[in-house]
Amino acid sequence: MSMSMNKFKLFNFLFFCMGVVAFNANAASLDPKVPYPAAEPGQARQVIHLPAVPMEENLKVQLMVGKTLKVDCNQHAFGGEIKEHTLEGWGYPYYSIKALNGPMATLMACPDQEPTEKFVQLRGNDFLLDYNSRLPIVVYTPADVEVKYRIWQAGYKVEEAVKE
């Protein structure tokens with residue numbers, strides 16, 4: 001009886017392993033944008049695909065949302081809020097911003113200066129995400145808004161605090 005029970009357990013284990021391999025092969029061929037909803041009218045779905053790199057846990061992704069505008073020497077920024085959502089039934093995060101408020105600017109005089117094009121971004125939301133090459137970063141924005149990103153990396157040198 002124990003020999004047939006061991007064969008049964010071995011068969012179930014092998015069957016399970018084949019299913020895992022088949023699932024992983026199919027999962028790799030899925031389009032990662034499929035479960036995300038389409039953008040609403042007047043909105044755009046912007047997607048960032050990150051490449052796989054070693055030690056992803058040492059990296060962060062900074063989202064920068066804004067518009068390229070002609071501006072003077074003043075400091076310019078938009079107001080607004082990036083909200084994080086969870087894709088129902090999947091558990092994947094995605095982000096949205098309904099509107100940018102502004103732009104706002106400081107009020108310095110800028111004599112004899114021509115306006116130049118500059119990316120003016122949303123302030124107050126230093127939005128840092130964990131680096132994850134297995135999932136796209138999906139951001140829903142108004143159609144005229146740009147999404148840019150920057151990769152931050154932890155330094156190799158680790159300092160120790162002083163006990164005082």
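The values are calculated or read from the model by the stated rules, or taken from the named source; none is laboratory data. Bear in mind the structure is a predicted one, so any value in this text is a computation, not a measurement. Quick reminder, even Gly has a Cβ in these numbers, built from the backbone with ideal geometry, and neighbours come from all protein chains shown.
Quick check on VAL53: is it at pLDDT 95 or above, under 24 Å from SER133 (Cα atoms), under 13 Å from the mean Cα position of the chain (by Cα) and surrounded by 10 or more Cβ atoms within 10 Å (Cβ to Cβ)?
Values: at pLDDT 95 or above: yes; under 24 Å from SER133 (Cα atoms): yes; under 13 Å from the mean Cα position of the chain (by Cα): no; surrounded by 10 or more Cβ atoms within 10 Å (Cβ to Cβ): yes.
For VAL53, the condition - at pLDDT 95 or above, under 24 Å from SER133 (Cα atoms), under 13 Å from the mean Cα position of the chain (by Cα) and surrounded by 10 or more Cβ atoms within 10 Å (Cβ to Cβ) - is not met.
Quick one: which strands (runs of 3 or more DSSP E) sit completely within region 51-164 and have at least 3 residues that are under 27 Å from PRO37 (Cβ atoms) and in contact (Cβ under 8 Å) with a residue 24 or more places away in the chain? Let's see the steps before the verdict.
Values: elements: 59-71, 76-79, 83-86, 93-96, 101-105, 116-121, 127-130, 137-142, 146-153.
Where strands (runs of 3 or more DSSP E) fall fully within region 51-164 and carry at least 3 residues being under 27 Å from PRO37 (Cβ atoms) and in contact (Cβ under 8 Å) with a residue 24 or more places away in the chain, they are 59-71, 93-96, 127-130, 137-142, 146-153.
How about region 61-99: which of its residues are surrounded by fewer than 15 Cβ atoms within 10 Å (Cβ to Cβ), over 14 Å from VAL138 (Cβ atoms) and of a type in the set (Val, Ile, Thr)?
Hit for region 61-99 is THR68, nothing else.
Return yes or no: is LEU128 surrounded by 11 or more Cβ atoms within 10 Å (Cβ to Cβ), more than 13 Å from the chain's Cα centre (by Cα) and either of a type in the set (A, V, I, L, M) or modelled with pLDDT under 95 (or both)?
Values: surrounded by 11 or more Cβ atoms within 10 Å (Cβ to Cβ): yes; more than 13 Å from the chain's Cα centre (by Cα): no; either of a type in the set (A, V, I, L, M) or modelled with pLDDT under 95 (or both): yes.
Taking the combined requirement at face value, the residue does not satisfy it.
Going by what's in this entry, would PRO37 be described as modelled with pLDDT under 95 and in contact with a His (Cβ under 8 Å, 6 or more places away or on another chain)? So that I can check it myself, show each step before the final result.
Values: modelled with pLDDT under 95: yes; in contact with a His (Cβ under 8 Å, 6 or more places away or on another chain): no.
No; evaluated as a whole, the condition is false for this residue.
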